[in-house]
Each structure stands twice: as C-alpha cells, then as structure tokens.
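Written below as structure tokens is the structure these notes are about.
The values are calculated or read from the model by the stated rules, or taken from the named source; none is laboratory data. Everything quoted here is computed from the prediction, not taken from an experiment. Quick reminder, even Gly has a Cβ in these numbers, built from the backbone with ideal geometry, and neighbours come from all protein chains shown.
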Amino acid sequence: MRGVRLWRRKRDDLRPTWEERKEALERARDRYRRQQQAEARRRVWLQVGLPVSTALAFATGLAIADRVAERGARTRPDLFEVRRLEIDGAQRLEPAALARAVLPADAPDPVTPDEIAARLEAHPWIAHASAARIAPDVVVARIAEHEPAAVALVLGETPSLVNAEGVAFADGDAQEWRALPQLVVADPPPRDRRDPLLVQGVALARAAASAGFAGIEIALDGEDPNALPALRVAGVAARVVLGAGDPAPKLAHLAQLVAHDAGARDAREIDLRFAEQIVIRPVVPEIGAASEASGARAPGTAAGVGAPAAGANGDRTGGGRRSHDRG
C-alpha cells in the first residue's frame, strides 16, 4: 500500500528534474551572453562607428558643397563674391586690418577661398594661410605668422627680420627688434627663402643665449673665412672668434674665461678656434713712428697647452700662460 502511494506521488509530481533545471540554466546563460555581446557591439558603434560615420558624412557633404559652390561661382559669380572675411591665428597682426587689406573697397571682391589665401600669403608677416567658405559670401581664413628670431644686418641696407628657419621676411629697423641677435652679413638676404648662412647664424645665436650671453652680434661674412663666425656679446669688449665646429664647448670656455679673468673682457680679440686653448690678443697701443719703424709688436697671450706659433693665422707674437679652467 505504501509503495502504491509513492508511485502515485512520483507520477503526479510536476517539479522539474535535475536535467531540466540544468538545461534551463544553460539557456539562461546563453541568452545573457548574447545580450552582453549585443551591448558591447552597441557601445563600439557609439564610441567609434558613429563618430567615424558622422565625420565621413561631413567630409562628403563638404566635398559636394565645394563642387556645388564652384559650379555656382562659375555660373553666378556675383552671388559668391566674398564680402566678409574672418581671420583666425593672428598674433601680432590685426585681423580687421588684414581683412580690409585683402578686401579693399576699390577692388573687385575675390570669388574663391584660394584667392583669399594667396592675398594673405602676400603679406610679409604671414608664413602660411588657408581659407574655407562657410557661406556663399563668407570665408574663414587661418594664418600662421612668422616668429622673429634674429635681425640680419647689411652695411647701408635696411635690416631684415629672420625667423627660426633662416628666412628673411620683413624689415627690422624698428627699435623693438634691437634686443634680438644681430647677424652681420655682406649681402642682403633673399626674402621668403631659406638662407643657409642665416640658419647657421640663428643656431649660433641660440647656443650663445643658452650659454648665458646677451646682446649677441654675430659676423657671418668677412675677408677671412677662417676667422668666422665671430661673436660679440654684452659685457665683453673683445671680438670672439669661434671658427668652425661645435660652438657649445667653445662658448662654455668663453663663459669660464670672462668669469675668472676680468682683463680678458677688455682684450682686442679672444680666439677659440684651437682645441683646449684660448688665445687672447690685447688691444694694440698707440706707438710712435720710431717704434713702428723698428717693427715693435704688441704681445698676445695664449691660455692652454700648445699655443700657436708666433704669427700663425696672422696673429702677433705672444707668450703662453695656462688657462684658469684647466684642471
């Protein structure tokens, strides 16, 4: 009797078996996994796909708009004349004055953004310009100005401002440019073109400024190319001959010399062309005609080991003394 009741209970029991529960759990896990994957794809689309698609659509729209604008400018140029110009990127220049210069009242209005960019780049202070149309008669221009790094000096000529790339771009005779390094050259440098000599001068001026010198003047041209470049700095009356090679160690020796030897500052010339030595040439005193006839010479001083022989490189006879900074 008891066995019959147990058999009826099993037959009438509607609770799921262990296998059914396991299958239901696997189905739930699979459904949750698919939901997570769909959510991840949605996030990727929102973070990457949507911005990229928007950018592509915007670029496509601009391309189509440019073609439409070009066609419209050819058929109805009067509708696409630029009457308003917005300028971005101006630092020293006044945007309103630039806009008036590019769109003068007594000249025909330009039609294309390229015309605007060409007119802007004709300005001596503008290194590069680009323009884009945002409305039929409105253009926005982006400019990059030259940054003065030095002034090129030529005897009898107007000084020229030079940028960091060695390009002379504008007149530099204003008082505000006197503090920039002065690069003395024989011929006027070409405008709007890179000059290797000016590139060398700008790099040397930067090295001198990094060594702590100010009031920098550098001679890059002269009769004796072996005595160039030559440097003059504030606080040192002597002409400093650097010659070829890396200027950094030479300028370091010069800084140590003028810091420890006050007399060297008032010399006629300090020659740094020779390795591990400094040649100091004093100011030639005024002597009488008899002394000149006898061939008297002003002595020079060499600091370091292995001073050059008397008369070498056109120098006067000199005696040697050890440098203050040799250890």
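Couple of notes before you dig in:
Okay, residues lined up against (1) over 30 Å from H146 (Cβ atoms); (2) part of a helix (DSSP H, G or I); (3) modelled with pLDDT of 95 or more:
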| site | (1), (2), (3) |
| --- | --- |
| A179 | no, no, no |
| A186 | no, no, no |
| D221 | no, no, no |
| G243 | yes, no, no |
| A252 | yes, yes, no |
| A264 | yes, yes, no |
| A275 | yes, no, no |
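- Matching residues in region 122-154 - criterion: being part of a loop (DSSP other than H, G, I, E, B), touching a residue at least 12 places away in the same chain (Cβ under 8 Å) and surrounded by fewer than 21 Cβ atoms within 10 Å (Cβ to Cβ): H123, P124, W125, P136, D137, E147, V154
- Scanning region 121-180 for residues that are in the same structural domain as L204 (by TED's automatic domain parsing) and among the hydroxyl-bearing types (S, T, Y) yields T158, S160.
- When residues of region 223-241 are limited to those that are in a helix (DSSP H, G or I) and touching a residue at least 12 places away in the same chain (Cβ under 8 Å), the one surrounded by the most Cβ atoms within 10 Å (Cβ to Cβ): A227
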